[in-house]
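As structure tokens, the structure follows; a few thoughts come after it.
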Amino acid sequence: MSYKVRFVNPAINYQMIKDEIDAAYFEVMSKGDLIDRGQLREFENNLARFVGVKYAVGLNSGYDALHMSLRAAGIGEGDEVIVPAHTFVATCSAVVNVGASPVLVDVGKDFDIDCDKIEAAVTPRTKAMIPVHLSGWMADMPRVMEIADKHGLIVVEDACQSLGAAMNGKMAGAWGLTGCWSFYPFKILGGYGDGGAITTNDPDVAMFAARMRYNGEDRLTGEYHGHGFTCLLDNLQAAFLDVKLRHLPEWIVRRKQIARRYQAGLADIAGLLLPHYEDPRRDHVYQNYTVRAKQGNDFSEYLKANGVEVLTQFRKPYYRHEALKLEDRGFPETEALSREVCSLPMNVEILDEDVDYVISVVRRFFGKVD
Ligand SMILES: *Cc1c(COP(=O)(O)O)cnc(C)c1O
């Protein structure tokens with residue numbers, strides 16, 4: 001069906017920056033700069049500077065960033081890694097695919113790992129923890145780091161949804177051994193296909209990733225430093241991402257404006273939980289504007305039927321998918337929010353009048369006819 005308000009609209013986003021994207025395309029294509037060239041370096045430098053760390057290494061996807069981080073940290077068979085029960089499945093799959101065991105921990109009301117429940121999941125085999133900064137709202141990193149220090153755990157940040165978020169002035173992705181980034185098209189910094197990166201202050205981790213993304217090869221000497229992978233960020237994507245990174249600060253401002261508009265229009269609805277949390281230390285960059293309604297699918301289907309494209313990640317928690325062979329130890333918050341979540345359109349292409357239309361449909365569902 002064709003929606004009146006789309007969840008995202010990549011064609012309109014392209015029109016907003018067409019001149020710059022086209023210029024980047026013509027430069028790369030006319031020089032034939034396809035693999036591991038200047039545009040990749042440039043983007044990596046700018047990304048590292050943006051996050052406030054020393055190194056960024058461009059990879060093929062957010063999954064690869066997680067996978068490479070765990071390998072760089074030496075995580076493998078016999079190790080346990082703590083991951084949230086509510087996240088995109090890739091956080092957990094990276095753990096399984098290095099041969100380690102994921103240990104799931106429930107999330108809190110803000111959708112991020114519940115720090116009060118982490119320590120009960122630590123065992124003598126626990127080696128690492130992957131806090132996820134979901135939807136643009138950082139996990140409580142001072143507490144995560146304190147727990148990690150106490151138990152000697154490595155922290156890998158799944159920051160795929162939170163580029164630009166900060167806590168106490170320190171950016172998401174700058175706290176752990178690595179920050180993992182995804183540039184999947186609909187992420188806050190989205191390319192035109194798959195893409196990802198790690199950021200880190202550790203030169204050995206950066207070098208490991210730079211070699212392993214290219215079959216283990218040191219590109220200067222030709223020496224293979226291990227059995228590697230093929231997961232390099234394309235030079236063309238890097239050129240596009242560099243253009244979009246320049247716009248990111250103003251786009252984050254716009255996302256916050258949209259969030260405030262939703263809040264002003266919806267805050268009086270008792271049956272609707274909005275993603276606004278009281279914590280002056282952190283800011284929300286609204287990768288997603290995810291609301292909770294007890295009416296679950298009735299609510300999301302009503303929005304769709306009225307022309308509003310919404311996303312309902314993740315109705316069925318990943319640990320309940322049988323083939324993944326994960327243990328459901330009971331995660332009450334994840335269970336409840338999985339039934340209730342609904343992400344409203346949130347992107348920089350959207351107009352205020354579209355936001356107002358979404359607000360009016362939501363209000364009508366709750367019987368608030370103005
Ligand atoms: C998107 C995402 C990933 C994976 O990123 P890809 O680039 O799709 O591999 C991992 N974790 C979270 C939280 C994500 O949102």
Original post:
Could the peptides 196-208, 142-154, 21-33 be put in order, highest first, of the mean number of other beta-carbon atoms found within 10 Å of their residues?
Top reply: 196-208, 142-154, 21-33
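Please report the projected area of the chain's Cα convex hull averaged over all directions, in nm².
Working: hull surface 75.2 nm².
Mean projected area for the chain: 18.8 nm², to one decimal.
When the dipole is taken about the Cα centre of the stretch 13-242, and only Lys, Arg (+1) and Asp, Glu (-1) are charged at their Cβ, what size is it in debye, to the nearest 20?
Details: 18 positive and 31 negative charges, 24 e Å.
In total the dipole reaches around 120 debye.
Among 50-60, 225-235, how do they line up by average Cβ neighbours within 10 Å per residue, starting with the highest?
Numbers: 50-60: 22.9, 225-235: 17.5.
Per-residue Cβ counts within 10 Å, averaged per peptide and sorted highest first, yield 50-60, 225-235.
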Original post:
Once the convex hull of the C-alpha atoms of the stretch 1-73 is built, how many Å³ does it hold per residue, rounded to a whole number?
Top reply: 168 Å³
**OP:** Using the Kyte-Doolittle scale, find the helices of the chain whose mean hydropathy is at least 0.5 and whose Cα atoms extend 30 Å or more along the helix's long axis, counting only whole DSSP H runs.
**Re:** none
**OP:** Kindly provide the helix-only [θ] at 222 nm of the chain, computed as the sum of -39,500 (n - 2.57) over DSSP H runs of four or more divided by all residues, to the nearest 500 deg cm²/dmol?
**Re:** -12000 deg cm²/dmol
Original post:
For the stretch 247-365, what is the largest minus smallest coordinate of the Cα atoms on each principal axis, given in angstrom and ordered from greatest to least?
Top reply: 44, 35, 26
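Values quoted throughout were computed directly from the atomic coordinates according to the rules given, and no laboratory measurement underlies them. Everything quoted here is computed from the prediction, not taken from an experiment. No Cβ is skipped: glycine too gets one built from the backbone with ideal geometry, and neighbour counts run over all protein chains shown.
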